[in-house]
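A short write-up of the structure that comes next.
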Amino acid sequence: MPLVAAAVCPQPPLIVPELAGAAAPELDDLRAACDAALARLLAAEPEQILLVGGGPETTRFGAADYGSLRGYGLKQYVRLWQTNCSGVELLPLSLTIGAWLVGRTGTELPRLARAVAEGATPAECAELGAALVDESGRRTGVLVLGDGSACRGTKAPGYDDPRAEAYDEGVARALADADAEALLGLDPVSSAELKVAGRAPWQVLAGAVRAAGGDWRGDLGYHQAPYGVAYFVANWDRV
């Protein structure tokens with residue numbers, strides 16, 4: 001797949017306004033940053049969009065598969081792309097939020113989706129990324145979904161961990177610099193201890209960019225930790 005550009009976004013369910021309710025305005029700036037990142041991804045003129053996010057296992061999904069927000073109290077289904085009777089409610093949260101974000105753009109481009117096992121090793125993630133590069137001859141824009149640490153403060157889902165801020169700062173630098181090797185160097189054990197949901201998907205991106213070759217530039221559009229969870233929005237573009 002000729003990789004033409006990539007965008008990185010987080011996967012919080014509360015990014016969906018109908019789910020956030022009265023708290024929806026608190027993430028307006030995050031939604032705006034994600035919308036801008038996807039607009040930039042589409043400006044690279046891909047022929048298709050590949051969504052990559054974490055899940056229970058490494059697998060691929062069909063164009064008509066969909067996810068659901070029922071588990072978060074909202075009876076809303078989110079389709080990956082096509083609407084027909086062959087789809088199944090399979091998408092993990094990461095890809096459900098990704099499909100929702102892409103749907104906001106109004107694009108009619110084909111969508112593909114791959115989940116990477118949350119416990120996949122860096123080598124396995126890099127191998128998957130390289131395989132994706134070889135999989136298709138169409139110009140592809142990649143949307144990578146994942147959160148940083150969930151241990152930023154005593155009210156965070158994972159409580160407070162003094163390692164969390166330094167970890168997230170390292171991820172922010174890597175995304176800003178399009179540093180694939182830094183992402184591949186993220187440790188799976190400490191990432192899991194800090195409840196990082198993005199480690200494996202980011203490493204798939206790093207493997208894909210490394211396999212695609214060429215020079216890349218990064219742009220970090222958002223880096224904050226509302227609710228004690230680190231969220232990043234970034235773009236990687238070919239130079």
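The values are calculated or read from the model by the stated rules, or taken from the named source; none is laboratory data. The structure displayed is predicted, hence computed values, not measured ones. We place every Cβ from the backbone using ideal geometry, glycine too, and count neighbours over all the protein chains shown.
Could you say whether any residue in segment 102-116 is without any contact (Cβ under 8 Å) to a residue 24 or more places away in the chain and under 22 Å from N235 (Cβ atoms)? Yes, some residue in segment 102-116 is without any contact (Cβ under 8 Å) to a residue 24 or more places away in the chain and under 22 Å from N235 (Cβ atoms). For the condition closer than 17 Å to R173 by Cα, at pLDDT 95 or above and either buried (at least 19 other Cβ atoms within 10 Å of the Cβ) or more than 15 Å from the chain's Cα centre (by Cα) (or both), A230 qualifies.
Scanning segment 172-195 turns up at least one residue that is within 30 Å of P25 (Cβ to Cβ), touching a residue at least 24 places away in the same chain (Cβ under 8 Å) and touching a Pro at 6+ places or on another chain (Cβ under 8 Å). Flag not set for V133, criterion: buried (at least 21 other Cβ atoms within 10 Å of the Cβ), in contact (Cβ under 8 Å) with a residue 40 or more places away in the chain and within 24 Å of L186 (Cβ to Cβ). Scanning segment 163-222 for residues that are of a type outside the set (K, R), part of a strand (DSSP E or B) and touching an Asp or Glu at 6+ places or on another chain (Cβ under 8 Å) yields W216, G218, D219, Y222.
Of all residues in segment 137-167, exactly one satisfies the criterion of being more than 16 Å from the chain's Cα centre (by Cα), surrounded by 15 or more Cβ atoms within 10 Å (Cβ to Cβ) and of a type in the set (S, T, Y), namely Y167. Pairs linking a residue in segment 7-34 that is over 19 Å from L74 (Cα atoms) to a residue that is modelled with pLDDT under 95 and in a helix (DSSP H, G or I), with Cβ atoms under 8 Å and 6 or more positions apart or on different chains, are L30/P226. As a summary of the residue check, G213 satisfies the conditions (1) modelled with pLDDT of 95 or more; (2) surrounded by fewer than 24 Cβ atoms within 10 Å (Cβ to Cβ) except for the one numbered (1).
Within segment 74-95, the set of residues being part of a strand (DSSP E or B) and not hydroxyl-bearing (S, T, Y) comprises V78, R79, E89. Against the list (1) in contact with a helix residue (DSSP H, G or I) (Cβ under 7 Å, 6 or more places away or on another chain); (2) at pLDDT 95 or above; (3) assigned to a loop (DSSP other than H, G, I, E, B); (4) not aromatic (F, W, Y), the condition K155 fails is (2).
Here G21, G98, G71 are screened, and the one residue that is in a helix (DSSP H, G or I) and at positive phi is G21. Considering segment 105-130, the residues that are of a type in the set (D, E) and more than 14 Å from the chain's Cα centre (by Cα) include one that is surrounded by the fewest Cβ atoms within 10 Å (Cβ to Cβ), namely E108.
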